[in-house]
1. Would you mind getting the accessible area per residue of region 33-146, heavy atoms of the protein chains only, 1.4 Å probe, in Å²?
2. What are the ³J(HN,Hα) couplings of region 102-114, residue after residue, when phi is run through the Karplus curve with 6.51, -1.76, 1.60 and θ = phi - 60°? Round to Hz, x for glycine and proline.
3. Treating cross-link reach as a plain straight distance, find the lysines whose alpha-carbon is under 29 Å from the alpha-carbon of residue 142, omitting any fewer than eight places away in the same chain.
4. Of the heavy-atom accessible surface of region 64-158 (probe 1.4 angstrom), what whole percent is carbon and sulfur?
5. Considering only DSSP states other than H, G, I, E and B, which GluC sites (Glu not before Pro) in region 89-125 qualify as loop sites with at most 13 other Cβ atoms within 10 Å?
Amino acid sequence: MSPSNPGGAPRRLASFRMTDLGITLAAGAALLCAGPAGAHVSIQPQTAPAGAYQVLRFGVGHGCEAQGTTQLRLEMPPGLGAARPQPKPGWKLTVERQGETVTAIVWRGALPADQFDEFIVLVKLPPDAAPLAFPAIQSCGKTAVRWAEPTPPGGPRPSHPAPVLTLVPVASPAASHDHHR
């Protein structure tokens with residue numbers, strides 16, 4: 001027995017990767033700093049390798065005006081090989097399908113207006129490098145905000161932009177091999 005471990009019970013150590021903690025803290029800070037003028041449904045990461053499996057985090061920065069968020073609906077872009085949502089304690093999860101293809105994921109619950117949260121989906125990305133928009137509808141009681149406007153390349157950001165993931169080409173093994181002679 002030791003003073004720091006009364007009763008001599010076995011200790012359990014929590015483990016986590018510092019990169020996961022850093023990503024989570026950075027995403028949270030970005031959402032908190034966004035404020036009402038820049039608020040939107042965000043996506044992390046913003047780029048991913050084409051054809052890969054990727055965990056996507058959709059952040060909701062706050063509610064609509066003074067009302068809390070009661071539902072988030074994410075529309076899946078065509079071409080995804082898979083879309084598997086992560087359940088959230090206290091939220092009801094619905095997966096909409098057309099045949100075997102997931103077309104939308106809906107979470108229903110309660111998120112106070114002055115708090116933020118993340119909604120997580122594992123996807124299999126299409127093989128071609130291109131931007132993928134994930135239109136989102138954030139509902140706050142009877143109010144709904146559709147985050148679905150495209151952002152033109154080099155143009156002004158719209159008032160309700162869709163979350164966009166940019167797919168980048170995967171480097172070929174020959175191109176990424178380091179030749180030292």
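The values are calculated or read from the model by the stated rules, or taken from the named source; none is laboratory data. Everything numeric in this text was worked out from a predicted model, so none of it was measured. Note: ideal-geometry Cβ built from the backbone for every residue, glycine included; neighbour counts use all protein chains shown. For the accessible areas, the whole protein counts, side chains as well, though only heavy atoms, and no ligand, DNA or RNA atoms are used. Shrake-Rupley method; radii C 1.70, N 1.55, O 1.52, S 1.80 Å.
1. Working: 5770 Å² over 114 residues.
Accessible area per residue, region 33-146: 51 Å².
2. 3J(HN,Hα) across region 102-114, in whole Hz: 6, 9, 7, 10, 10, 10, 10, x, 9, 10, x, 4, 9.
3. The qualifying lysines are 88, 92.
4. 54 percent
5. On the way: sites: 96, 100, 118; in loops: 100.
Passing sites in region 89-125 are 100.
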